[in-house]
Amino acid sequence: PPPLNAGPAAWTSSKPPLLRFLNACHADFTPESSGAVADYIPELGKADPSHFGISLATLDGHVYEVGDTQIPFTIQSMSKPFVFALALDTLGAARVESVIGVEPSGDPFNSIRLNAENHPFNPMVNAGAIACSGLIHEAKGDAAFDYIRQALGRFAGRDLDVDDAVYASESTTGDRNRAIGYLLRTNAVIKDNVAAVLEVYFRQCAILVTARDIAVMAATLANRGINPVTGEQVLTPYAISRTLSVMTSSGMYDYAGEWIYRIGIPAKSGVGGGILAALPARLGLGSYSPKLDKHGNSVRGIKVCEALSSHYDLHML
Ligand code: DON
């Protein structure tokens, strides 16, 4: 700290310890060069692999930011927990649970395999997320996407836009997700027009966020659904707690067991390069770095979460 008789400028430039830790993470992991930017959605391949931002939001509404925390990128699979929570509150838990399981699949995110009841294993894999978008479409019809976009905006504390190019790119190439959609319809998980449901899903994945937004969204999950910056109760504590439960067991796909064993913080990744981590009653973390490992998880983002968990002893168990 600066000397006690230093002027106010010296005090404001002194960095709080948490920010010093985040700065050290950013410096330590910037040289990490492994992984590859996702390009199965062609437009995602244009991301700048050098971008790296880390943001952490505490439950008193303080937001720390280091690096590229204001660069917009698409939310992708990090939309899944929020749309699941929204489906629970919109249609009721019984309706949602009647068509989507809560068991980890052990499969990659894009697996076409369903469970023994021919339902998606859980809402974190593509099949379960498409089923959630289908439920919202069932409840809201043509207004489904805007209903989702507005709800995610309340988690972030600001209105969120869509990357139309990424949306169009996934919509023209997303045949595997379409195949999953038809499989869900033949098993009565989706009741509506499959093409319309998939458009909702592709659009929700193309919602633009920053690492800072993700930190605030994660902190809202960690805060039983109350956005710590705006003070708004976005969804019910019930929906939030069930969402964190499935994030804990399945948020990191076929790396979920390893993740909860080693890091012990509920988390969700997206192929856009984001990782969201929410430690109940403690904090929310958002990171952005587009190079991914073979599971589709951001390489630098994983390193940040590992360091945060071990440095502050945050493993929840
Ligand atoms: O459906 C897809 O393949 C993408 N829109 C989202 C996948 C994703 O983010 C997987 N996460 N790591």
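Bear in mind that the values in this text are calculations on the coordinates, not laboratory data. This structure is a prediction, so every number in the text was calculated from the model and none was measured. Please note: Cβ atoms are built from the backbone with ideal geometry, for glycine as well, and neighbour counts cover all protein chains shown.
General remarks:
- Region 23-114: chymotrypsin sites (Phe, Trp or Tyr not before Pro) in DSSP coil with no more than 15 other Cβ atoms inside 10 Å: TYR40
- Helices in the chain, meaning DSSP H runs of at least 4 residues, each add -39500 (n - 2.57). Divided by all residues, the mean residue ellipticity at 222 nm is -14000 deg cm²/dmol.
- Efficiency of FRET from Cβ geometry, LEU19 and ARG282, R₀ 22 Å, rounded to 0.05: 0.85
- Cα gyration tensor of the chain - equivalent ellipsoid semi-axes, whole Å, descending: 33, 20, 18
- When only alpha carbons are used to place a centre, region 265-317 and region 54-103 end up 13 Å from one another.
- DSSP loop trypsin sites (Lys or Arg not before Pro) with at most 16 other Cβ within 10 Å excluded, longest remaining stretch of the chain: 1-112
- Think of each Lys and Arg Cβ as +1 and each Asp and Glu Cβ as -1; about the Cα centre, that makes the dipole of region 75-194 roughly 180 debye.
- Listed residue (ALA168, TYR147, VAL229) projecting farthest to the positive dipole end of the chain, Cβ model: VAL229
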